[in-house]
Structures are given as C-alpha cells and as structure tokens.
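To keep things clear, I will list the structure first and then write my remarks on it.
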Amino acid sequence: IPNKVTNIACIGAGYVGGPTMAVIAQKCPHIKVTVVDINEKRIADWNDIDLSKLPVYEPGLDQVVAESRDRNLFFSTDVEGAIREAQMIFISVNTPTKTYGIGKGMAADLKYVELCARQIADVATEDKIIVEKSTLPVRTAQAIRTIMNAAPARPNSPSPAPRFTVLSNPEFLAEGTAVKDLHNPDRVLIGGEEDEDGQRAIEALATIYANWVPGERILTTRIWSSELSKLTANAFLAQRISSINALSALCEKTGADVDEVAHAIGTDSRIGPKFLKSSVGFGGSCFQKDILNLVYLCRHFNLPEVADYWEQVVKLNDYQKQRFAKQIIDTLFNTVSGKKIAFLGWAFKKDTNDTRESAAIYVADELLQDRAEIHIYDPKVPTERIYADLEYLQQHRRPQAVIADRAKQSDPPETLSSEAIRRLVHVHKTPYAAMEQAHAIAVLTEWDEFRTYDWQKIYDAMRKPAFVFDGRNILNREELNNIGFELQSIGRG
Ligand code: UDX
Ligand code: UDX
Ligand code: ADP
C-alpha cells in the first residue's frame, strides 16, 4: 500500500467531488488530481473556459479552479484511465435514498458506489487506497473491501494481485461555503482499518491534508466510527433546526418571537448560537437522507425507540413546510386557486444553485394542489431544474411527507402532469417581473439580494392587500410594515 501519493483520482464530479478535489489540487501542486464522471456534459462544464459555466456554483470556486486546472487538476470522462494511474481513489458518487424495493424511501441506494468498487477491482493492476467520500451507511467500507478482495486473480499478469485498503473520509463542507469550509475545516476525519495497510493509508491521506490543515484538526479513528460520525453530525445539525422550528409554531400561538428565543438560548455556551435559525424547513441532499439512513439502521438493529426518536426530526421538517403552505392558503381567504404567488428563491439555501430537497419544491407542490399560479425568481437556479424538481416529486412522494395530514382528510395529493406544471409555474429572469401583480410573495431562500430590493416599487405593482410570507425571516419588518405590506414571519406571534 503506497504511503506517498502523487496521483489521485476522484470518481464523481458533483457538489462534493468537484470542490474538494479543486482545493486538494490547489493546495498540493505536487499531486496530479483527476476528477472523472460518466456524465459528459458535467465534465465539459468543468472544463469550460468560461468559469461562470462550472456545474457547481460556489463562491470563490472559480478562482480555485482557475489556479489549478490543467496544471495538476484535470476533469475527464476516462474513468478507467484515471483509476489505473492513481495511487489513491476517492469515491464521491451520489448515494440517494432508495426509490424501490427493500428499504424504499429510507435506506441509501449504494448501487453507484458498488459499481465504482467493481470497476476499480476490474481495472487496477497496482495497490490502491480507496477513500469513501460520499455519505454512506455504516459498514459500507466493509462492503467495498469485500468486493475489492473478491476480484479475480489475473492469470496472465506477471505481477502479484494488487492490494486494496479502504478509508472513510467523510466530507463536512456545507454548500454555499464549500471553499471556505475546505480551506479551513473544523476537522478532517479519517477512519481506517487497524492493520498495517490501513495505518499506512491513513498516514498517506493525513499527509495530503497536512499541506494546509493544522495537525490537531486531523482526527483518525476506526473506520466504523468515522462512518457513523458523519451520519451523527448531520442528524444533530438537522435536529437543532427541527427543534427551533417546533418552537416556532408555539411562538406563533403565544406571541413570542422565535429569533429572540433562539438568541437567548444560544448565549448558553452549552447550546451555542449556530444553526438555530428558524425557517420554512431544512433541505439539501444530506440531512433528510442521512437521518432516514440512521433510522433504517436502527430499525435493522432492532432499536425502534432510537429509530422513532430520529425519525421525528424529519417528520417535524415535513410539518414545517406544510404549515408554511397552509398558512399562505389560510391567509389568502382559504384558497389560492388562480392567484399569483411569487416565490423568491428556489435553492435549498443561499449561495448555491443546488435545489435537492429544497423546501420550495414541497411548498410549491402544496400550493399547486390548490391550483395556485406560481411565479419564481432565483438568482442561480436554471428554469429547467425547477420544472424537473416538480416533475420528479410527482413520481416520488414519500408516504410520511406532507401527505400525513392529507391522509387524515382521506384526500391524497393529485399527481400533476408535466403540462399542468408548465401551465401553472412560471420562472422569471428578474425578481420584479415575478412579483408584478402578485397576490402574495413567499420568501423560500435567504439570498442576500432579497433584502435590498426596492420594496416600495414591489408594493406599488402588487395586488392589495399585499401579503408577504417570509419563510426565512430576512426582510426588514419595520420597513415593510410601514410601506403597507401584510407581513407574516416564521415564529412571530
Ligand atoms: C450539511 C452540513 O452542514 C454539512 O456539514 C454536511 O457536510 C452536508 O450537509 P448543507 O446541506 O450543504 O450541509 O447546508 P447547511 O448549511 O447545513 O443547511 C442545510 C439546510 O438547513 C438548508 O436548507 C438551510 O437553509 C437549513 N438551515 C440551516 C436552517 O433552516 N436553519 C439553520 O439555522 C441552518
Ligand atoms: C439544569 C440546567 O443545566 C440549568 O441551566 C438549569 O438552571 C437547571 O437545570 P441541573 O439539573 O442542576 O441544571 O444540572 P445539569 O448539569 O444540567 O445536569 C442535569 C442532568 O443531566 C444530570 O443528571 C446530569 O448528570 C445529566 N447530564 C448532563 C448528562 O447525562 N450528560 C451531559 O452531557 C450533561
Ligand atoms: P454529491 O452531492 O454527493 O457530490 P452529485 O450528484 O452532485 O452528488 O455528484 C455525484 C456525481 O457522481 C454525478 O455527477 C454522477 O454522474 C457521478 N457518478 C455516479 N456514478 C458514477 C460512476 N459509476 N462513474 C463515474 N461517475 C459517476
């Protein structure tokens, strides 16, 4: 097993693989880094001379890519070539929640990871360190190793069979701050096997990070602890949001202000101030997926109380999104049919073009069930992405989502046709066009620019009463109230 690495491959050029490898290449000019993907369009976009075309939008990423691309950072579709050359291979492919069969809607779908492992086993002729970078259920490393070690011996090869060792190196970057998080991580976690190969591999990877990360922030653990730490970190973070969102409902009933409560409790050093921002609900590719994964794992090991505890975090999040949509409908005199609702934001958080599991998708769906006309503006999300998100949801509703409440009314949601979606949903190039003649505005993403709009101009062009539903509590309440808006915020009675 190599303990010095000069050539790295990364399989998967997505939100994790792309930025992570760009930063490794930037900080380690002596290492050749090749990022490969089966998606040709994605690779072409990573290679585009126009850096605004990068497939992942992250502040500062264009600079990092510009610095190292074609120096020691390469993007390619030649997966096998990259595997063959590299001493260390990161697996950074997507691991969505299963949409079929056993564990449907809960377990992680490992088919892409498994395919990568098989491909590495088929192609490798020399020893390799395999690094699992995707969020994966506990014991995946073991599964990868089993596949690798079952690789058939090559009778015609003069050299001995290659050896493999698997590391778990979960990524903790948050989208929107990926470059900052990668440059200055709270910690880097490396889990490995306890045998000699495992220890050499850990050292090799730690040496790479040591080029820019202080030694005391590089933590090494057993492989299963590392895998479980990633799920746990995301579960804890999501739990904080569901906790404060649960309280937001109570604040609205009692006349308290959730932001004041959050500030007050956040000053307790045992609680801390971060991740207490009440919102329309968390989104992103990780939180829900990882918790459902944890829940599935607990059920598998016959720990139903533990499973139920964590599942409640997701249920509360579903409730929060549904509550927001319902509040819009209730306020607009119990129907939004034929009414124009403007959405500010579609991404799951600011400073990203990622929309996976964005609260906006679910809120829109609820309003479309009531036949609203939705007019959307988001600074970074492409139009076709928005239609694709809504179309995908029609086919992949989770049973416990939004639906829980509907089931009680014995009124399951309708499956909307693509034609209906395209007729009712309009995407605009400017925020003012989206809000013109609107009956109501809903803020779904906390983009900074929303605060700085000319709100008087927006008011003048809207229908009255001019309702605003601030799902992120970012707008200036006093200013909007003075103009004449009917403003409703999350968690303010
Ligand atoms: C998360 C973890 O933070 C990161 O460490 C992990 O590697 C991947 O998952 P990410 O999903 O990119 O990162 O973004 P994050 O900033 O955690 O936000 C997740 C969601 O929670 C967003 O929808 C965000 O708007 C929401 N959120 C976050 C809140 O509603 N309130 C908060 O206080 C914080
Ligand atoms: C608590 C609050 O901390 C305090 O702010 C409030 O004013 C009163 O309630 P107290 O109950 O005195 O204070 O003690 P605390 O240190 O919070 O411990 C409460 C329980 O939690 C104890 O049984 C303690 O052993 C347990 N605990 C605490 C844990 O099991 N694990 C921990 O990490 C911390
Ligand atoms: P993440 O947020 O985890 O980075 P993404 O979906 O953004 O997830 O990126 C995963 C990438 O992995 C996608 O671009 C996908 O095309 C790629 N991918 C999946 N399976 C393979 C494979 N077997 N070989 C190469 N690339 C793959």
Original post:
When each pair of different Cα atoms in the stretch 167-219 is counted once in the 1/r mean, what is the Kirkwood radius in angstroms, to one decimal?
Top reply: 11.6
Original post:
On a 0 to 90 degree scale, rounded to 10, what angle separates helix 140-149 from the longest Cα axis of the chain?
Top reply: 30
Original post:
Which FRET efficiency, nearest 0.05, do Val123 and Ile102 yield, Cβ-Cβ r, R0 30 Å?
Top reply: 0.50
Subject >> Degrees between helix 383-395 axis and first principal axis of the chain (Cα, 0 to 90, nearest 10) >> reply: 90
Original post:
When the helices in the chain are scored as -39500 (n - 2.57) per DSSP H run of 4 or longer and the sum is shared across all residues, what 222 nm value do you end up with, to the nearest 500 deg cm²/dmol?
Top reply: -13500 deg cm²/dmol
Original post:
How far, in nm, would the chain grow between Arg217 and Asp268 when pulled straight, counting 0.36 nm per residue and subtracting the alpha carbon separation?
Top reply: 15.9 nm
Subject >> Cα gyration tensor, the stretch 24-147 - rounded (a/c under 1.5), prolate or oblate >> reply: oblate
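Decide, for the stretch 233-489, between rounded, prolate and oblate: order the square roots of the alpha carbon gyration tensor eigenvalues as a ≥ b ≥ c, take rounded if a/c falls under 1.5, and otherwise choose prolate if a/b is larger than b/c, else oblate.
Verdict is oblate for the stretch 233-489.
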Subject >> Difference of contour (0.36 nm per residue) and Cα-Cα distance, Asp411 to Ser337 >> reply: 24.9 nm
**OP:** Order the peptides 140-147, 216-223 from the highest to the lowest mean number of other Cβ atoms within 10 Å of their residues.
**Re:** 140-147, 216-223
**OP:** Determine the gain in length on full extension of the stretch His396-Thr430; use 0.36 nm per residue of separation and subtract their C-alpha separation, reporting nm with one decimal.
**Re:** 9.2 nm
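Kindly identify the stretch 81-157 as rounded, prolate or oblate by the Cα gyration tensor criterion: order the square roots of the eigenvalues as a ≥ b ≥ c, call it rounded if a/c is under 1.5, otherwise compare a/b with b/c, prolate if a/b is larger, else oblate.
prolate
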**OP:** Based on other C-beta atoms within 10 Å, arrange Trp224, Trp310, Trp346 from fewest to most.
**Re:** Trp224, Trp310, Trp346
Subject >> Gap separating the Cα centres of the stretch 25-104 and the stretch 234-309, nearest whole Å >> reply: 32
Original post:
So what J values fall out for the stretch 54-69 if you push phi through Karplus, 6.51 cos²θ - 1.76 cosθ + 1.60 with θ = phi - 60°, rounded to Hz, Gly and Pro as x?
Top reply: 3, x, 10, 8, 9, x, x, 5, 4, 5, 5, 5, 4, 5, 10, 5
Original post:
Which values, in whole Å and largest first, are the semi-axes of the equivalent ellipsoid of the chain obtained as the square root of 5 times each eigenvalue of the Cα gyration tensor?
Top reply: 43, 24, 22
**OP:** Output ³J(HN,Hα) for the stretch 247-256: one whole-Hz value per residue in order, computed from phi by the Karplus curve 6.51 cos²θ - 1.76 cosθ + 1.60 with θ = phi - 60°, and x for Gly and Pro.
**Re:** 5, 4, 5, 5, 4, 4, 6, 9, x, 7
Subject >> Ranking of Leu297, Leu424 by count of other Cβ atoms within 10 Å, fewest first >> reply: Leu424, Leu297
Original post:
What list of ³J(HN,Hα) couplings, whole Hz, do you get for the stretch 329-344 from phi and the Karplus terms 6.51, -1.76, 1.60, once you set θ to phi - 60° and write x for glycine and proline?
Top reply: 5, 4, 5, 7, 6, 6, 7, 10, 4, x, 8, 8, 10, 8, 9, 9
Original post:
Between Glu479 and Thr232, what FRET efficiency comes out of the Förster formula 1/(1 + (r/R0)^6) with R0 = 41 Å and r the beta carbon distance, rounded to 0.05?
Top reply: 0.50
Original post:
For the Cα atoms of the chain, what angle does the longest principal axis make with the long axis of helix 359-369, in degrees from 0 to 90, nearest 10?
Top reply: 50
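Rule-based calculations on the coordinates, nothing more; no lab input. Everything quoted here is computed from the prediction, not taken from an experiment. For neighbour counting, all protein chains shown are included, and Cβ atoms are generated from backbone atoms with ideal geometry for every residue, glycine included.
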